[in-house]
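Comments concern the structure below.
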Amino acid sequence: MSEVIFTVEGVSKHYPPRWALQDVSFSVQRGEVFGLIGPNGAGKTTLFECLAGLSPIEGGVIRLHQQPVTPARRKEALFYMPDGFTPWAAQTVKWALSFFEKLYRSSKDGAVELASDLKLNGLLDSRIGSLSKGERKRLLLALGMLTPQPLLMLDEPFDGLDYRQTREVMDLLRRHAARGRTLMLSIHQLVDAARVCDRLLLLSDGRVVGEGTVGELRAKANLGGATLPEVSLEEIFLALT
């Protein structure tokens, strides 16, 4: 059995007059790619912000290796890279990679390798504020992978990437996880989620409606042909939400 490193028990978040998260519970295993999926407004980003300690919760416990971890200590357990922001717009790509390398004492080979894998070598002298959406996404992915925390949470890691870039980043993330790091990805495109994730958590209206492999979710959806591999994640998604 794989080692469970991160456990969420009964996490709830209230934005009056509604509950953004209600009694959310799940576990994440060492070295797996764990996907977070759900309709718009399901609570995916809110969950990431709560786990990272950026937003307080109304109830629940978050554990690392079975021990409760307070918001103040979350930065030791996880690193959260949000979607759609531009850090240090006036600085260059090379500066940002060097800063993270020094901050987290990563090896220089790590930054060099990531710059190559993510096609950033031609952008090293570009200012971050001048990057396109896809270029900025590739930089944020590199920065996230330079961090040492056992759990890396990435919000929409493929947003802004073309088909070829998405497949290359999927391969890179799989190799990263194979070294023992756990990745938790919030993914809008269900086809991408099915390709890259070992297991999935499906949220709807702030509640967990399914957790497991695609096969386990397929069985839970009970679609008549639920045991057949051709029943897609999209059909499962619609059946469970």
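The values are calculated or read from the model by the stated rules, or taken from the named source; none is laboratory data. If you're wondering where the values come from, they're calculated on a predicted model, not measured in any experiment. Cβ placement follows ideal geometry from the backbone for every residue including glycine, while neighbour counts extend to all protein chains displayed.
Go through region 89-107 and count every residue that is surrounded by 13 or more Cβ atoms within 10 Å (Cβ to Cβ), part of a loop (DSSP other than H, G, I, E, B) and in contact with a helix residue (DSSP H, G or I) (Cβ under 9 Å, 6 or more places away or on another chain).
Pass one, region 89-107, residues surrounded by 13 or more Cβ atoms within 10 Å (Cβ to Cβ): 91-101, 104, 106.
Keeping just the survivors that are part of a loop (DSSP other than H, G, I, E, B) gives 91, 104, 106.
Narrowing the set further to residues that are in contact with a helix residue (DSSP H, G or I) (Cβ under 9 Å, 6 or more places away or on another chain) leaves 91, 106.
Number satisfying all stated conditions: 2.
A Cβ distance below 6 Å, combined with a sequence gap of six or more or placement on separate chains, defines the contacts here; from region 226-237, residues that are modelled with pLDDT of 55 or more reach residues that are surrounded by fewer than 14 Cβ atoms within 10 Å (Cβ to Cβ) and part of a loop (DSSP other than H, G, I, E, B) in the pairs V231/G225. With respect to the conditions (1) under 27 Å from L97 (Cα atoms); (2) free of Cβ contacts under 8 Å to residues at least 60 places away in the same chain; (3) touching a strand residue (DSSP E or B) at 6+ places or on another chain (Cβ under 6 Å), F158 lacks only one, and its number is (3).
Given the residues V11, V69, V28, which is the only one that is of a type outside the set (S, T, Y), free of Cβ contacts under 8 Å to residues at least 24 places away in the same chain and surrounded by 15 or more Cβ atoms within 10 Å (Cβ to Cβ)? Spell out the reasoning first.
Numbers: V11 fails: free of Cβ contacts under 8 Å to residues at least 24 places away in the same chain; V28 fails: free of Cβ contacts under 8 Å to residues at least 24 places away in the same chain.
Just a single option satisfies the conditions, and that option is V69.
As a summary of the residue check, P157 satisfies the conditions (1) part of a helix (DSSP H, G or I); (2) surrounded by 15 or more Cβ atoms within 10 Å (Cβ to Cβ) except for the one numbered (1). Of the strands (runs of 3 or more DSSP E) that lie entirely inside region 25-88, those containing 2 or more residues that are at pLDDT below 95 span 59-64. So is G129 assigned to a loop (DSSP other than H, G, I, E, B), surrounded by fewer than 16 Cβ atoms within 10 Å (Cβ to Cβ), in contact (Cβ under 8 Å) with a residue 24 or more places away in the chain and not aromatic (F, W, Y) or not? No, not satisfied.
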